[in-house]
Each structure stands twice: as C-alpha cells, then as structure tokens.
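The values are calculated or read from the model by the stated rules, or taken from the named source; none is laboratory data. Note that the structure is a prediction, hence the values are computed from the model and not measured. Because the Cβ atoms are built from the backbone with ideal geometry, glycine has one as well, and the counts that use them run over all protein chains shown.
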Amino acid sequence: MKRSMAVWVVVLAGLAVSMGCQSAPVCKYHVGDVDTVSYTQKSVYKNWVEMPGKDKDQVRMRTTEYTVVLRREVESVGIDGSAVMNATFEQVKFDLNIDFPDKDTHEYYLSTPDKTESSRGGEAMLGGRSFKVRVAPDTTVLEIMGRDALLEQLGLSDKSTGTAMFFVSEEQLKKYLERDLIQNAPGMSSRKVMQPIPDSMVKAKAVEMTYKTAPAIGDVVTIQATGEAIFVVPKGMTEPEPPAVFGQKLIFDNSDMQEFALEGSARFDLAAGKVLEENKSMRCMLVLLEENLFGGKGKEKPGGGGVMFTEILRSESFAPVQ
C-alpha cells in the first residue's frame, strides 16, 4: 500500500512538471551583448458634437506619435543578474498632427547621429547621444547614470523645455526600457496589480491589471493583460492629477466615462532570456451633455441640447530591431 502511494506521489509530481510549472520570464544579460530596440507610443484624441436634428459635427483630431530607437550594449552583469548598459539614441522621431475644421497643424522632430530636423528649429541633437542604466532581469530600471552629463552635452537643464527635453526626462528614459508585462508576468497563473491611469483624461483613480501567462510553445511564452477602471484610490496610491489644459479640464470635469478598455500582449523567449515584443492599447470614451454646462441651460432646448463625444486612443509597442 505504501509502495503504491509512493508511486502515485511520483506520478503526480511528474504530471505537475509536465503541465507547465514554468517560472516567470527572466532576461539573461551577458557582457558584450549588443542589440537595438524600438519603442513607439501613439495617442489620438477625437472630439465631435452631435445636435438633435442636425448632421454629425466634423471630427476634431489631435494625433501624437513618437519612436525611439536605442542601441544597447551590456558593460557588466551583477551577481543579482542586473546589467549596466550603455544606451545610445540611434533615432528619435516625433510627429504632432492637429486636424481641426478651420486649421491643420503639423509639428515634427527627427534626430539621428547624422542630422537633426525640427519644425521648431534650434532643437538639441539627440541622435548619437548616450546614457547608462542599470536594468534588473525583469527589465525594471534600477538606476539611471550619466543623465546630468547627457543634459550638459545637449545644452539643457531640468528647467529646460522643448521636444528634446521631453525625451530625456527620467520617466521617458525608463519607458524605453521597462516592459510592464514582463515585470508582472506570473509563472503559470494570473496576477492582479494596481497601476496608475494611462492618461490624465481617463475618469478613474487607477487601473486593476490582470496578467496571465500561457503555457510555453517551444521556448516562447505569451503574456496577456487586461485592465479594469477603479474609481476609488487604492491603498498606497495617490489621487491622479487632473488635466491641466483648460479645454481638457472642462470636458473631464463635466463628462461621464462610458467606455474604457485596456489590453496588452507580450512574447518572451525563455531560452534566450529576451523580450520578443510587447504591445498595449487603450480606448476611452467620454460623453458630455450640454445640459451639464453653463448652469444647465441645455435642459431648456428641444431634445435636451447637444452631446459632445471625446474618444481617446493610446497604443505602445516595443520590439528588437532586426
């Protein structure tokens, strides 16, 4: 009887292993490793008004998109698996397009080691500039080194403004390197983590993210993530800052959020210890009734006045450059 029980223990243990008790993704760094990675973020704000008995108003749209390409070289690896990297800007590209019924605007910035072009003129040249970081095996940036020297090379300070300054803030430098789905990927189950709202126009206090890791196919695992808006400030988090721009604040204060969706996916090579890709997207819809503005005068109108819709789309992508 005891022998039979022992056999079953061995069988069940083997079954558990075969069913995929895999560990969470961990990046593997080696001195001398060199790679090039690309990070892109795109934000679209759409706004239009619908009036009773009238055709739909022309959509007003503001689109911001930027891409940062970094060349990374591992200089040292610590006993904890973290790596000190030298990161060089190979390309920084920024585009702002404003499409209004009475006005179209295009602003741009493009910097490579060879040249820098900007619609504003006189912008600092980021292409070819470098900084150092210490990165954990889960991609968390533990330390940014040499940022002061980078600002000095660019002729900037922490009080500077402009496109180039935007790209070298500590928050931005971390964005190019940290991968949310890798940081929070569970081994073979699901995990819930409270995260800040992804945009100041989202009428919520936080987002509860659920991360799930699928069984590996060969050496590659896929991590999926979905987000749910939370309307009470979670313990340990602070109240989000509202929009600062007057028009956005007016919409934010008087509208209702009727739709919110956030999802992401990532692929990771367990054998190589490399992030293959990460993609995230968000959609938010705000609805503002005219009756909520100007002391409720819209209530006096037939049909209750107009309705303003604001749609916010946001996407992020990261991948190695082949």
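Observations on the model:
- Taken over segment 57-78, the residue count meeting the criterion of being crowded, with 16+ Cβ neighbours inside 10 Å and small (Gly, Ala, Ser) is 0.
- Residues in segment 240-273 that are among the small types (Gly, Ala, Ser), closer than 15 Å to residue 47 by Cα and in contact (Cβ under 8 Å) with a residue 24 or more places away in the chain: 255 only.
- Selection count, segment 163-185, where residues are surrounded by 15 or more Cβ atoms within 10 Å (Cβ to Cβ) and not in a helix (DSSP H, G or I): 7
- Restricting 278, 259 to those that are under 22 Å from residue 217 (Cα atoms) and of a type in the set (D, E, K, R) reduces the list to 278.
- The selection criterion, being within 26 Å of residue 282 (Cα to Cα), touching a Phe, Trp or Tyr at 6+ places or on another chain (Cβ under 7 Å) and not aliphatic (A, V, I, L, M), does not hold for residue 211.
- Any hit, segment 79-89, residues being assigned by TED's automatic domain parsing to the domain that holds residue 117, surrounded by 15 or more Cβ atoms within 10 Å (Cβ to Cβ) and more than 19 Å from residue 174 (Cβ to Cβ): no
- Count - residues of segment 75-95 that are among the hydrophobic types (A, V, I, L, M, F, W, C), over 13 Å from residue 31 (Cβ atoms) and either in contact (Cβ under 8 Å) with a residue 60 or more places away in the chain or touching a strand residue (DSSP E or B) at 6+ places or on another chain (Cβ under 9 Å) (or both): 4
- From 188, 201, 194, residue being of a type outside the set (Asp, Glu), touching a Gly at 6+ places or on another chain (Cβ under 7 Å) and touching a residue at least 12 places away in the same chain (Cβ under 8 Å): 188
- Search result, residues across segment 167-202 that are among the hydroxyl-bearing types (Ser, Thr, Tyr) and either assigned by TED's automatic domain parsing to the domain that holds residue 28 or within 15 Å of the chain's Cα centre (by Cα) (or both): 169, 176, 200
- Residue tally, condition exposed (fewer than 15 other Cβ atoms within 10 Å of the Cβ), within 29 Å of residue 44 (Cβ to Cβ) and among the aliphatic types (A, V, I, L, M), over segment 194-236: 2
- Residue match in segment 48-65 (condition: within 30 Å of residue 274 (Cα to Cα), in contact with an Asp or Glu (Cβ under 7 Å, 6 or more places away or on another chain) and of a type outside the set (A, V, I, L, M)): yes
- All positions within segment 179-210 that are within 14 Å of residue 268 (Cα to Cα) and of a type outside the set (A, V, I, L, M): 179, 180, 183, 184, 186, 187
Quick grid of which residues meet (1) surrounded by 17 or more Cβ atoms within 10 Å (Cβ to Cβ); (2) at pLDDT below 95; (3) under 27 Å from residue 180 (Cα atoms):
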| site | (1), (2), (3) |
| --- | --- |
| 262 | yes, no, yes |
| 268 | yes, no, yes |
| 282 | yes, no, yes |
| 294 | no, yes, no |
| 301 | no, yes, no |
| 320 | no, no, yes |
